[in-house]
Ligand code: ADP
Ligand code: ZN
């Protein structure tokens with residue numbers, strides 16, 4: 001049977017200096033390390049780039065035994081382990097990508113205590129073989145990384161995480177630490193409960209990433225706007241562009257490449273070799289822009305990502321925060337830029353309505369989306385809005401688009417009433433419903449073939465909205481949809497009023513709207529730290 005791995009360093013600080021070459025601990029690290037190294041359980045909420053790895057690796061190096069790291073990022077385990085080995089740490093991993101002989105070698109090394117750290121994929125931990133193996137050696141610490149994956153309602157749920165709850169009972173006396181960069185109260189509660197961390201100490205860091213400048217603009221022509229944004233950034237800035245579909249990823253990457261940007265695609269539909277090669281280029285070379293689905297980036301440790309751009313709306317603020325959090329881990333000025341428009345709101349509202357899942361799940365998704373939309377449409381500080389979502393308060397930041405240039409608002413009540421009464425009339429008088437395009441044509445009094453065919457030029461609201469441009473109207477509709485004052489319905493995404501619309505039609509609900517800003521000139525990101 002095994003021997004426990006002997007402690008490799010006399011103190012946490014000693015390990016930090018010799019293994020990583022860092023001078024001192026950062027933020028909560030010292031306290032977490034101290035607490036876990038002396039046998040306590042911990043829940044650590046720390047933003048991406050905050051330095052979570054040190055929080056479990058250092059305790060593993062100063063305690064007797066091998067540190068177990070549960071990580072869902074199979075694709076990255078190899079790189080993580082290689083990086084540790086390069087620093088002189090005896091690390092290994094067990095996952096489904098290995099052949100039996102590689103696995104056997106790791107098992108052989110683990111049992112007699114030759115390893116400092118062993119990374120294991122969550123699905124392996126539900127198997128009696130893996131549990132049996134771990135019991136034959138000696139564990140120093142159990143770290144559960146990306147712990148928010150245990151949250152069923154979160155954006156990254158992984159059923160295997162539910163089986164991690166009894167690790168404490170299975171390995172009594174081994175301190176456990178759960179870590180995540182997702183900090184909503186609900187996720188925090190679920191982690192504590194489902195991972196049986198009732199007696200853990202909680203370390204909640206500030207989620208502010210002051211070096212990231214947040215910018216969200218109205219989408220008119222996503223790719224052109226993206227190009228303009230990228231060109232406004234310092235030359236050869238490394239960046240990630242997130243898009244929803246594989247097709248959009250491919251098209252955007254080739255569009256950018258055609259414009260002279262060193263852009264490459266990344267999505268789950270590409271051959272494994274291509275993905276590996278593209279990821280490697282992004283990590284090792286300067287100035288590569290990866291256009292990707294959200295499959296890309298989880299756990300990617302590239303400190304000098306200068307921008308993260310979204311050309312489609314993320315489904316939740318957690319998702320947005322995680323994705324944008326991949327920018328500027330080195331603390332240098334970085335930008336989180338997004339273009340979002342009417343189509344995004346319609347599409348996402350519809351996806352939720354049509355999606356399977358019970359009513360509670362739909363409601364939850366709706367809440368996620370509403371919070372995301374509120375962030376997009378706010379006229380106040382983006383950072384304040386973002387941090388408030390995570391239950392943290394702050395002053396206006398001075399480093400987001402709304403702080404840098406206060407958005408102008410206008411009274412949209414009359415415009416909203418014109419639009420809503422058009423919708424209501426069509427519905428009541430003719431039993432018809434239409435999408436944004438045709439409604440705008442009616443309001444602006446356009447003479448189209450469709451207008452004549454439907455005799456919509458006879459409507460009393462025909463032409464009453466010609467004081468606004470098509471783009472203005474799209475902005476109005478987007479903002480009303482974002483606030484639930486309109487809803488898409490049916491197969492063709494036609495627009496309907498909602499119960500809340502009544503207050504607007506009666507003139508009782510104020511409708512302040514923001515003037516959209518498109519293609520704002522770049523500003524130097526302030527280097528607040
Ligand atoms: P997280 O997992 O929280 O996103 P990491 O553990 O990957 O963060 O650390 C983020 C970056 O910060 C890494 O580049 C890491 O080397 C660096 N880092 C972590 N702790 C320290 C420290 N105490 N001093 C200096 N740099 C640190
Ligand atoms: Zn701000």
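The values are calculated or read from the model by the stated rules, or taken from the named source; none is laboratory data. As the structure is a computational prediction, the values presented were derived from the model and not from experiment. Every residue, glycine as well, gets a Cβ built from its backbone with ideal geometry; the counts of neighbours run over all protein chains shown.
Remarks
- First in the range 442-453 and without any contact (Cβ under 8 Å) to a residue 24 or more places away in the chain, second anywhere and outside any helix (DSSP H, G or I) and surrounded by fewer than 18 Cβ atoms within 10 Å (Cβ to Cβ), Cβ under 6 Å, 6 or more apart: 445/463; 445/466
- Considering the range 329-364, the residues that are at pLDDT below 90 and under 17 Å from the mean Cα position of the chain (by Cα) include one that is surrounded by the fewest Cβ atoms within 10 Å (Cβ to Cβ), namely 364.
- Any hit, the range 396-419, residues being in contact (Cβ under 8 Å) with a residue 12 or more places away in the chain, more than 10 Å from ligand 2 (Cβ to nearest atom) and closer than 25 Å to residue 352 by Cα: yes
- Any chance residue 39 is in contact (Cβ under 8 Å) with a residue 24 or more places away in the chain, over 31 Å from the mean Cα position of the chain (by Cα), surrounded by fewer than 16 Cβ atoms within 10 Å (Cβ to Cβ) and closer than 27 Å to residue 127 by Cα: yes
- Residues (touching a helix residue (DSSP H, G or I) at 6+ places or on another chain (Cβ under 6 Å) and farther than 14 Å from residue 413 by Cα) located in the range 465-478: 470, 474, 478
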